[in-house]
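The values are calculated or read from the model by the stated rules, or taken from the named source; none is laboratory data. Bear in mind the structure is a predicted one, so any value in this text is a computation, not a measurement. Heads up, the Cβs are rebuilt from the backbone with ideal geometry, glycines too, and the neighbour counts pull from every protein chain shown.
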Amino acid sequence: MGNKSATIVGAGLVGSLWAVFLTKAGYSVNIVELRSDLRNTDIAAGKSINLAFSQRGWTAFKAVGIEDQIKDFAIPMYGRTMHDAEGNLTYQPYGQEGQAIYSVSRGEINRRMMDIAEQHGAQIRFNEQCTGVDLENGITFFKNTKTGISSELKSDLIFGADGAFSAVRYRAMQKLDRFQYSQHYIEDGYREILLPANEDGTHKLSKNSLHIWPRGRFMLIALPNEDGSFTCTLFMPFENHEYAFDRLKTRTDVEHFFQTVFPDFYQLMPEIADAWEDHPLSSLAIIRCYPWTHGKVALMGDAAHATVPFYGQGMNCGFEDCSVMWSLMQKHGEDWDAIFREYEILRKPEGDAVQNLSLDNYLVMRDVVADPDFLLQKRFEREIQKLYPDKYIPLYSQVSFSDIPYSQAFEAGKKQDVWIKELMAKHDIEAMFNNNEIADFIHGLIAAQS
Ligand SMILES: Cc1cc2nc3c(=O)[nH]c(=O)nc-3n(C[C@H](O)[C@H](O)[C@H](O)COP(=O)(O)OP(=O)(O)OC[C@H]3O[C@@H](n4cnc5c(N)ncnc54)[C@H](O)[C@@H]3O)c2cc1C
């Protein structure tokens, strides 16, 4: 690639990874980042402290040869452990043996990618707030949050990777005629709680699981950290429900709530009321827009397709934006008009699909995940996949353990669900598992189909 320049707005997860790609391709890269350098602070940027990292993330990291730099702090989670209201546990593997999604620290992954981008020559300008973009001429305007000094930067390309509330999207793209935009807040918010490690540094819950306390209209989840702690997140309506954040006003309310609905968690963390205010109550939105590119500018990651976090795919989808843009660079060379056109045509349906999948999965996680029929259905699906891995991949595996387009997975998943539910209505699948007849039954099903 030639000696071209690019400005990336946002040194978050997607911007800092995209900088690695561009510098590898020989671009001179400047990143403009609103915050100060998180490598010098402990602040977790007010967002979730750890995230679930899966196949699409690995694919992007492998494309630039940096997967080993993430592996050493990624904790595999092989399944979900459900905690019912009596403290009974049920375990459900996510996929086939050895398949896992990974709990990674948001700060650590971001720090390492910034380091790698800088090692390849990218320059990161911290405390610089993007205030506008000239789409046609490739100019980024920004203002230093400490000195108040305004500056601008001209480059061949600009990438808006500045997150859900993207300034690039607001200040520039929305000036376009027929720019489509929608922002939908769900009625639930979230609050994080850090469950500390045992005194000897071990985890208080099994380490290699994502823990869920499904309670119908709300849920608590916990992801492991390397230091023995768990980052837990309570998702619940803000108001207008029996269990809602606005009902937890006092220490007594908080204690009573946890004692009543999450008794096993309360036993692990009787000091919950002290930690309640440690993290803010935050909202969750789905943001859709189109087009994603214009002139010299493209939106990537949450700036293009912010979603709710219930499939653990927002970041992974943003990383996939990078690997797709990268493969289009291999295809079109430096014809950025062609790259941008194909990028938005390919990726917009994927952004929409990941949003739809994420919304659907909230219902699964907070409610049906505890249902015996659901657990049986998942067991049945895993068995079909085990026997016929080329013919049947359950939806969760398509999303989390493959690079199959989200849109394709979403459609296939709907059909699979109908098919499996019909089979379960007609046949006693549980008895077949108990009598070791399940394999014969599945062989018969597949033979009848082919
Ligand atoms: C509670 C929660 C849990 C989640 N869990 C998961 C998960 O398990 N797995 C998963 O894949 N995804 C998860 N996500 C989604 C994930 O956090 C996002 O998809 C991901 O952070 C998007 O990365 P990004 O780089 O596009 O945006 P961000 O990470 O938001 O980064 C944007 C960057 O741009 C900077 N910026 C913003 N405005 C400006 C400006 N005007 N000028 C300059 N810089 C600016 C910001 O400071 C930031 O550094 C979760 C999200 C939430 C809220």
Conditions first: (1) among the charged types (D, E, K, R); (2) more than 16 Å from the ligand (Cβ to nearest atom); (3) over 21 Å from MET219 (Cβ atoms). ASP253 passes all but one, so which condition is the exception? (3)
Some residue of the stretch 22-41 being free of Cβ contacts under 8 Å to residues at least 12 places away in the same chain, farther than 27 Å from HIS211 by Cβ and assigned by TED's automatic domain parsing to the domain that holds SER151: yes
May I ask you to verify whether GLU381 is free of Cβ contacts under 8 Å to residues at least 40 places away in the same chain and either of a type in the set (Ser, Thr, Tyr) or closer than 17 Å to GLY413 by Cβ (or both)? yes
The stretch 419-437: number of residues that are in contact (Cβ under 8 Å) with a residue 12 or more places away in the chain and in a helix (DSSP H, G or I): 7
Kindly evaluate GLY312 against the criterion of being within 16 Å of the ligand (Cβ to nearest atom) and at negative phi. no
Name the residue that is farthest from THR293 (Cα to Cα), counting only residues in the stretch 145-188 that are away from the ligand (no atom under 11 Å from the Cβ) and polar (S, T, N, Q). THR147
Test each condition in (1) more than 20 Å from GLY57 (Cβ to Cβ); (2) buried (at least 17 other Cβ atoms within 10 Å of the Cβ); (3) outside the structural domain of ALA60 (by TED's automatic domain parsing) for THR233 and report the one that comes out false. (1)
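Listed residues PRO349, PRO280, PRO291; which is surrounded by fewer than 20 Cβ atoms within 10 Å (Cβ to Cβ), within 14 Å of the ligand (Cβ to nearest atom) and in contact (Cβ under 8 Å) with a residue 40 or more places away in the chain?
PRO280
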